[in-house]
1. Indicate the gyration tensor shape class of the protein assembly as shown (rounded, prolate or oblate), computed on the Cα atoms with a ≥ b ≥ c the square roots of the eigenvalues: a/c under 1.5 is rounded; otherwise a/b larger than b/c is prolate and the rest oblate.
2. Rounded to whole Å, give me the distance from the Cα center of region A:14-59 to that of region A:100-174.
3. Using the basic label-point model (7 angstrom from Cα toward the beta carbon), what is the residue B:111 to residue A:53 distance in nanometres?
4. Separation of region B:48-119 and region A:62-89 by C-alpha centroid, Å?
5. With only Lys, Arg, Asp and Glu charged, each at its Cβ (+1 for the first two, -1 for the last two), find how big the charge dipole of chain A is about the Cα centre; round to the nearest 20 debye.
6. Measuring from a point 7 Å past the Cα of residue B:119 along Cα-to-C-beta, which residues in region B:74-97 have an amide N at less than 15 Å?
7. Put a dot 7 Å past each Cα toward the Cβ at residue A:193 and residue B:59; how far apart are the dots in nm?
8. With a point put 7 Å past each Cα toward its Cβ, work out how far residue A:219 is from residue B:84 in nm, to one decimal.
Amino acid sequence: MTINSKSPFIKIEIINDLRIVYYREDGSSAVYIGGSRNWRNNNPGNIGYGNGRLVTKLGAIGKAGGFAVFPDYESGRKAILSVLKKDDFQGRTVSKAIEVWAPKEDGNNTELYKKHVQMWTLIDLNKQVKSLTDEELEKLVKAIERKEGAKLGKIIEVPPATGTKRKILDVKKNKENLIIQYLIEGYGWLRKAEAINLVEKDIVDAVIVKRQNGYVFLRSRPDSTKTNNLDK
Amino acid sequence: MKLLFIFILGFLVSCTAYAPQTQTSKPVEKCLNYEPEKVQLEGQLYKKSFPGPPNYTDVKKGDEEEVYWLLKTTAPFCVNENERIWAEKQTNLSDVQLIIGSETGFYKTKRSLLNKKVIISGTLIPQITGHHKTEVLIDVHSLDEVKE
């Protein structure tokens with residue numbers, strides 16, 4: 001699941017609900033698009049961010065949608081194991097640990113989580129977590145990971161910027177011929193507000209134009225060609 | 001005359017020293033402890049829907065709905081830090097998600113208590129996963145109506 005063998009990701013930037021950019025120390029990055037929250041966050045156990053104290057200990061590098069973001073999928077898996085090794089989880093039965101991880105909901109087939117874990121791990125759910133062997137613990141982690149169900153999305157690798165900013169490659173317009181989306185080099189299609197945000201952060205090479213009527217849009221930097229101005 | 005003035009002044013000072021402080025002081029938050037200590041919380045029982053997997057953002061956008069029972073406590077409370085379980089101090093809490101064990105059958109037997117004043121005894125657990133919707137949760141041992 002790790003996307004490449006380059007240096008690890010050290011920080012993130014949230015573009016929108018379905019897009020996170022992971023940055024490496026060398027300036028290169030990877031944009032995680034779509035999929036499920038736990039896939040995008042490299043957090044297969046759906047561990048919440050809380051106040052950040054616990055998850056930072058577990059190696060998290062950020063927060064998205066209230067959940068921890070880990071630098072890679074393996075770190076996220078290890079975090080599940082670390083939580084199960086905490087004193088409070090160690091003192092519970094496997095059954096109770098599952099109940100705490102994913103509390104029983106009102107009106108659902110709530111025993112399904114436990115049934116699946118038992119079926120996939122063959123562990124006696126009445127056993128205490130602290131009495132599980134390393135192999136059994138690993139099976140439990142895999143079962144939680146499987147049950148939480150990461151759905152894959154798309155990853156776009158973006159090389160380090162070499163002094164140049166990202167370019168706007170294309171635009172999408174609505175029926176009124178107003179620009180609603182921009183195709184940004186390395187980021188894919190973004191809503192206008194997201195693209196403007198990247199321009200404000202000096203990541204994208206464009207000019208923010210504000211009309212007197214309040215309409216805001218982006219223009220490419222002036223050159224000799226008028227056709228690429230991106231006017232509405 | 002001078003003595004009378006000192007007496008009256010002393011009387012007024014002693015009155016103001018007691019009366020205003022008791023009237024303006026805020027209620028002191030009750031500070032509880034995380035598990036294994038057993039605690040009791042009182043308040044209104046209610047149920048609420050939350051967005052669940054895959055994005056935990058919006059049921060209308062395709063996320064599964066997760067419905068849990070919560071307690072809105074009568075008074076705000078706090079929970080002390082617990083290093084052993086990496087749980088930080090939480091203050092000004094008023095909504096607590098209930099962890100209802102399958103063996104209790106409470107979702108069936110206690111449904112009539114929804115939107116009523118109840119008293120819950122159990123143990124407090126810090127928020128860990130995305131299925132946890134409040135900073136602190138209570139693993140419910142008993143759940144009873146408060147007769148007023």
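1. Details: a/c = 2.21, a/b = 1.33, b/c = 1.66.
Because a/c hits 1.5 or more and a/b fails to exceed b/c, the protein assembly as shown counts as oblate.
2. 13 Å
3. 4.0 nm
4. 21 Å
5. Here the size comes out at about 560 debye.
6. B:74-75
7. In this crude spin-label approximation the distance works out to 2.4 nm.
8. Simple spin-label model gives 6.7 nm for this pair.
No lab work stands behind these numbers, since they all come straight from the coordinates. Just so it is clear, the structure is predicted and the values come from calculations on it, not from any experiment. All Cβ positions, glycine included, derive from the backbone under ideal geometry; neighbour counts span all protein chains shown.
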